[in-house]
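A short worksheet on the structure shown next.
The values are calculated or read from the model by the stated rules, or taken from the named source; none is laboratory data. Source: prediction; values computed, not measured. Here the Cβ positions follow ideal geometry from the backbone for every residue, glycine too, while neighbour counts run over all protein chains shown. We work out accessible area using only protein heavy atoms, side chains counted, and drop any ligands, DNA or RNA first. Shrake-Rupley method; radii C 1.70, N 1.55, O 1.52, S 1.80 Å.
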Amino acid sequence: MLLRAAGQRRAFASISNSNITQPFAVFDRNVKRIQRDRAASKNGGEDSRTVDYLRNEVADRMIERLLDIKRTYNSILDVGSGPGHFSRLIESKLTKKVVMLDMSEKTLRRDDDSEFEGKWLIPVERIHADEENLLQAIAPGSQEAVVSCLSLHWVNDLPGVLVQIREVLRTDGVFLGALLGGDTLFELRTALQLAELEREGGISPHISPMTDTRDVSNLLGRAGFSLLTVDIEDVTVAYPSMFELLQDLGDMGEGNAVIGSRHLLHRDTLMAASAAYQALHGNEDGTIPATFQVIFLVMRSLSLYE
């Protein structure tokens with residue numbers, strides 16, 4: 001279990017939604033970009049670096065899966081790369097080049113190359129683009145490998161993005177991804193729902209809907225991938241209280257971006273949610289656990305293994 005140290009508490013707040021015209025949109029992508037830009041810019045990026053622990057842990061688990069494929073590449077495209085949680089783990093024996101792509105330019109450029117001296121031993125290119133419009137930035141059939149570490153849970157059309165990833169891959173390409181599953185933060189979700197029902201007489205979504213693990217294989221198959229490997233692991237982090245969890249989610253740029261949701265919570269509702277969280281899920285040492293369900297995806301081209 002990962003452990004988050006105690007820190008300063010703050011109110012649970014987020015940005016108002018902008019007008020949305022995209023059909024079937026669940027998330028306001030502009031709000032999400034602003035959240036991530038602000039998180040990466042706060043205190044010169046120091047607050048953002050403090051909460052890299054989750055993505056760093058998932059990136060460590062992803063790199064093991066990439067090494068298991070036992071192949072080298074001329075280039076690897078990191079979609080939704082952030083500042084490079086996964087890319088910085090890639091060594092020159094795997095690829096000659098890494099391309100990082102992210103919708104948040106401030107997140108993408110939070111750390112310059114000197115931050116990774118001794119780790120990034122290969123050229124790194126950074127592209128500011130939205131992964132929902134991947135084909136506008138990356139040419140079809142141009143990539144040998146695409147990876148994505150904890151960004152796809154914020155796209156509105158996951159099947160469509162998976163199709164775009166397949167289209168930018170060559171016929172013998174590899175896709176390796178990690179996204180948050182439906183049981184992510186179930187402790188927080190239940191505590192907030194109980195508190196809102198008790199204090200305000202209704203509930204509003206404060207945690208974004210995640211992909212159901214049962215749908216993942218079907219989504220990949222519909223996108224045209226073959227030789228699928230899907231496995232699920234939980235990453236559990238211990239926090240001093242619910243308020244430190246909320247603070248870290250904000251510093252990660254993981255605030256609520258669901259269209260039409262009611263963002264503000266009254267103080268007494270927050271206090272009731274914190275008490276419910278501790279009562280229902282608290283650890284014996286007084287901390288509270290937060291579960292992040294991670295779905296790992298590997299697409300292997302038939303030509304690599306037949």
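A few remarks follow.
- Extending 7 Å from Cα along the Cβ direction at Thr72 and again at Arg170 yields two label points whose distance is 1.4 nm.
- Per-residue SASA entry for Lys96, accessible area with 1.4 Å probe, Å² rounded to 10: 140 Å²
- The label point for Met271 and the one for Lys93, both projected 7 Å from the Cα toward the Cβ, are 5.7 nm apart.
- Net length gained if the chain between Gln278 and Asn30 were fully extended (0.36 nm per residue, minus Cα distance): 85.9 nm
- Cross-link partners of Lys70 among lysines (Cα-Cα below 19 Å; sequence separation of 8 or more within a chain): Lys93, Lys96, Lys97
- Sites Asp212 and Arg61 - FRET efficiency at Förster radius 25 Å, r taken between beta-carbons, to 0.05: 0.75
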